[in-house]
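K.L.:
Here it is, the structure, as structure tokens.
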């Protein structure tokens, strides 16, 4: 197995090489192993995917960290942790989540400016920047190069102010964030506008973007990292519901024809590579 330092350096190298790379989002050890066996180079946890697995729509910081530990241990790949708002409003308390994620095996992680309070969903600009700065300081204190991602969440919470979103990303960049992220950026023109305003790598989440966009198009637009958030988890649950409804409504079981071959799963879970199905 790679050391945490080796994973951290590999993760940094992915952000430095030409073109964009995909960082898919497993929600447990099994899906992490499947993604690794398919040939991806890095993974990112999804708090939504975890919450849905646990039967809810929100999840505690402790649960996020434990899930990060399981996913980090499941494969030899670098893992970045979706830490939401890091579980606290206060910058120093929020920054503690960076240390915890690193202790759980992650080599990267994110902090966002969403409060979790629907009455006031976005942190005040100054506080948001202070929180990112504290997270950067915590990351820099680690004994390996932890890749810190700073997220501006305006577009997911009804604040369709692209100028303010860019202003926040630029401020996060200025205090040392390694990667910038604005979920909710959808079309190619807007993506180019955001990317052109930044100097650090930009992460695009396809769960909220135009699904017809390709890696090639996004790479040409300047996107460095492409994630999917909870999209794969929700797609898997859609398939689960389809199976359940077929049984309940039709009394039939034709869905079993589409099951993943048990041999393929055994190979992936034992450390083998998933064969190309084409």
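K.L.:
According to the square roots a ≥ b ≥ c of the eigenvalues of the Cα gyration tensor, what is the shape class of region 137-278, taking rounded for a/c under 1.5, prolate for a/b larger than b/c otherwise, and oblate for the remainder?
P.N.:
Because a/c hits 1.5 or more and a/b exceeds b/c, region 137-278 counts as prolate.
K.L.:
Between the helical axis of 231-245 and the dominant principal axis of the chain, each derived from Cα atoms, what acute angle in degrees is found, rounded to the nearest 10?
P.N.:
The helix 231-245 is inclined about 30 degrees to the chain.
K.L.:
Sticking with this structure for a sec: Expected output is a single nm value to one decimal: the length gained when fully extending between residue 62 and residue 127, i.e. 0.36 nm times separation in residues minus the C-alpha distance. What is it?
P.N.:
21.1 nm
K.L.:
In deg cm²/dmol, rounded to 500, what helix-only [θ] at 222 nm does the chain give when every DSSP H run of at least 4 residues adds -39500 (n - 2.57) and the total is split over its residues?
P.N.:
Mean residue ellipticity, 222 nm, calculated: -13500 deg cm²/dmol.
K.L.:
Full extension from residue 216 to residue 38: what is 0.36 nm times the residue separation minus their Cα-Cα distance, to one decimal in nm?
P.N.:
Here the answer is 62.1 nm.
K.L.:
Which order do 31, 214 fall in if you start with the one that has the fewest other Cβ atoms within 10 Å?
P.N.:
Taking fewest neighbouring Cβ atoms as first place, the list is 214, 31.
K.L.:
Which shape class, rounded, prolate or oblate, goes with the chain when its Cα gyration tensor gives a ≥ b ≥ c as root eigenvalues, a/c under 1.5 marks rounded, and past that a/b bigger than b/c marks prolate?
P.N.:
prolate
K.L.:
Between residue 1 and residue 259, what is the label-point separation in nm under the 7 Å Cα-to-beta-carbon projection?
P.N.:
3.1 nm
K.L.:
If you take the square roots of the eigenvalues of the alpha-carbon gyration tensor of region 30-75 and sort them as a ≥ b ≥ c, do you get rounded (a/c under 1.5), prolate (a/b over b/c) or oblate?
P.N.:
Since a/c reaches 1.5 and a/b is larger than b/c, the shape of region 30-75 is classed as prolate.
K.L.:
Still on this structure, please answer the following. Could you check the simple spin-label distance between residue 28 and residue 239, using points 7 Å along Cα→Cβ, in nm with one decimal?
P.N.:
For the pair residue 28/residue 239, the computed spacing is 1.4 nm.
K.L.:
Give me the percent relative contact order of region 4-229, please, defined on Cα pairs under 8 angstrom at least 6 residues apart.
P.N.:
RCO, region 4-229: 20 percent.
K.L.:
Between 0 and 90 degrees, rounded to the nearest ten: what's the tilt of helix 29-38 against the longest Cα principal axis of the chain?
P.N.:
80 degrees
K.L.:
Among 131, 17, 12, 257, which comes first, second and so on when ranked by fewest other beta-carbon atoms within 10 Å?
P.N.:
257, 17, 12, 131
K.L.:
What list do you get for 191, 262, 64, 166 if you sort them by fewest beta carbons within 10 Å?
P.N.:
Neighbour counts put them in this order, fewest first: 262, 166, 191, 64.
K.L.:
Treating the angle as unsigned and between 0 and 90°, give the value, to the nearest 10°, between the Cα long axis of helix 125-140 and the longest Cα principal axis of the chain.
P.N.:
Once rounded, the angle reads 70 degrees.
Laboratory data are not the source of any read-out in this text; all were calculated from the coordinates shown. Fair warning: this is a prediction, and the values are worked out from it, not measured in the lab. Backbone-built Cβ (ideal geometry, glycine too); neighbour counts: all protein chains shown.
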